[in-house]
Amino acid sequence: MARLSLVCIGLVLLATVWSSSLNIEGSSKRVLVLLDNLAIRESHSYYFKQLRDRGFEITFRSSDDSSLQIVKYGEYIYDNIILFAPGTKEFGGRLDAEVLTEFIDAGGNVLIAGSNTIGDAIREFAGECGIEFADDKNAVIDHLNYDANDDGQHTLIVASPDNLLASELITGQTKRAGLPFLFRGIGMSADPENPLLLDVLTGSASSYTANPDEKSLAEYPTTVGKRTLLISVLQARNNARVGFVGSLDFFSNDFFDSAVQSTDGKKSDKSGNEELAIALTDWIFKQRGVLRARNIRHYLKQDKSTPRFYTIKNDIVFNVQFDEFVHGKWMPFNGTDVQLEFVRIDPFVRATMKNKGGQLEAQFCVPDTYGIYKFVIDYNRVGYTHLFSATQVSVHPLRHTEYERFITSAFPYYISSFSMMAGAFLLSFIVLYHRDDTPKNKTE
């Protein structure tokens, strides 16, 4: 009976491990969408359809649902969250700014869209990320770059692709396509001391954030010129990603299909909103720009063996395989700017690794200083996840039998030693075998 119970427990544990591995395999596709108005589900249906076509499992919930939760039995049931509920003052259930911050700390990804009204919960969470939204009822205004369909307040602005971040990993091909963007929403400002934030799309030099209902500016605008952020992203130190878009309409069907006609006479049959929205979402949800390192190996160049320790002046080879995650598949990484450091407190060697189909390799000579070293790869580039790898090895000095028999730099000392020996021999010979003639006496 006891043996039967043990077998049953083993089967249960095996099933649990198997199910958890399946969940981990498809966990990057679970998305929770919070809405403050269920009509958004229809007005933004093109955007949600694009996500479904990419294999995302979308769950729609009302932002004030009393049963709302993202953690169940100590595990997160979603890996990505979309907050299309800018006007929600407080989230329902067990969700607030602190829970969202913990979600980011656990590696989750969040996409937030704003409007002219921002709730306290979103403001608090944005503040934790270094983003500050403008006051309620404010909007981004541009009297020189607005669309022909504007209602006269110049809040339906036309954002130029020239103000877009030059990173195809984050923005895709939208900058190269050159299509303008329609934007109607609130402006943001970023903490200048936060190095983790990136300005994806900014306003033009003539844009500013203020209340469009006021005929004159009573106070200095919240943001002015290109300091007016329209879209910003953050990649945390644990590679979790957060996106902030000041316009909920940016993702709407109307903006996706709308033609653009700016005040300078330039026309476009379609805006670049759809391309940028999908590219941005793919990056935030880690469908692009994710790196991993595997198959790390180091060995002696001479016999390709990995010893327990290295000796000074050894020629060694370091190999590592870099892969990049692209739309559900791991592909060889093609970067050529990865550097390897051989570090003992400070780097003694820094070499750029050669890339051969994702296989990175570096060869160098061990420094003439023994100690504890590390092979360090610290790769941090815009758009990619931060990849850090450290492998510790020890370097020993030469054994007494491994030194050179004759050191070239010591030849003068060798010559002086042998010359002294020769001189001593000659002096001894002269002293022993040389005899002076004695003078003769007068009697002789």
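The values are calculated or read from the model by the stated rules, or taken from the named source; none is laboratory data. Computed from a predicted model, the values in this text were never measured in an experiment. Don't worry about glycine lacking a Cβ; one is built from the backbone with ideal geometry, like all the others, and counts go over all protein chains shown. SASA here: full protein model, heavy atoms, side chains in, ligands and nucleic acids out. Shrake-Rupley method; radii C 1.70, N 1.55, O 1.52, S 1.80 Å.
A few comments on the model shown:
- Compared with the dominant Cα axis of the chain, that is its longest principal axis, helix 411-433 is turned about 10°.
- Accessible surface of the stretch 202-298, 1.4 Å probe, proportion on carbon and sulfur as whole %: 45 percent
- The stretch 52-99 and the stretch 334-381 have Cα centres spaced 43 Å apart.
- Per residue accessible area in Å² of the chain, where ligands, DNA and RNA are left out and the probe is 1.4 Å: 57 Å²
- Loop-located trypsin sites (Lys or Arg not before Pro) in the stretch 165-235 whose Cβ has at most 10 other Cβ within 10 Å (DSSP): 215
- Phi angles across the stretch 212-225 convert, under the Karplus curve 6.51 cos²θ - 1.76 cosθ + 1.60 with θ = phi - 60°, into 3J(HN,Hα) values of x, 6, 7, 6, 9, 7, 7, 10, 5, x, 4, 9, 9, x Hz, Gly and Pro given as x.
- Going through (1) 1.13; (2) 1.30; (3) 1.02, the figure that equals Rg/Rh (Cα atoms, Kirkwood Rh) as computed for the structure here is (2).
- DSSP bridge analysis restricted to the chain gives an antiparallel fraction near 75%, rounded to the nearest 5.
- Net charge, residue 236 excluded, C-beta distance under 15 Å - Lys, Arg +1, Asp, Glu -1: -2
- The chain - charge dipole about Cα centre, Lys and Arg +1 at Cβ, Asp and Glu -1, debye rounded to 20: 2540 debye
- In the stretch 199-337, the alpha-carbon atoms span a convex hull of 228 Å³ per residue.
- Pairs of Cα atoms farther than 16 Å apart, the stretch 291-400, %: 59 percent
- Trypsin sites (Lys or Arg not before Pro) within the stretch 348-431: DSSP coil, no more than 14 neighbouring Cβ in 10 Å: 399, 405
- The trypsin sites (Lys or Arg not before Pro) of the stretch 83-162 that DSSP puts in a loop, and whose beta carbon has at most 16 other beta carbons within 10 Å, are 89, 94, 137.
- Note on residue 124 and residue 311: with the Förster distance fixed at 56 Å, the Cβ-Cβ geometry gives a FRET efficiency of about 0.45.
- Two-site label geometry, residue 194 and residue 90: point separation in nm, points 7 Å out along Cα→Cβ: 2.5 nm
- Candidates 364, 255, 403 compared by Cα position along the dipole of the stretch 254-412: farthest toward the positive end lies 403, with charges placed on Cβ.
- In sequence order, the stretch 367-376 has phi-based couplings of x, 7, 9, 8, x, 9, 10, 9, 7, 10 Hz under the Karplus curve 6.51 cos²θ - 1.76 cosθ + 1.60, θ = phi - 60°, and Gly or Pro positions carry x.
- Annotation for the stretch 168-211 versus the stretch 227-244: alpha-carbon center distance of 11 Å.
- Principal-axis tilt of helix 273-284 within the chain, Cα atoms, nearest 10 degrees: 50 degrees
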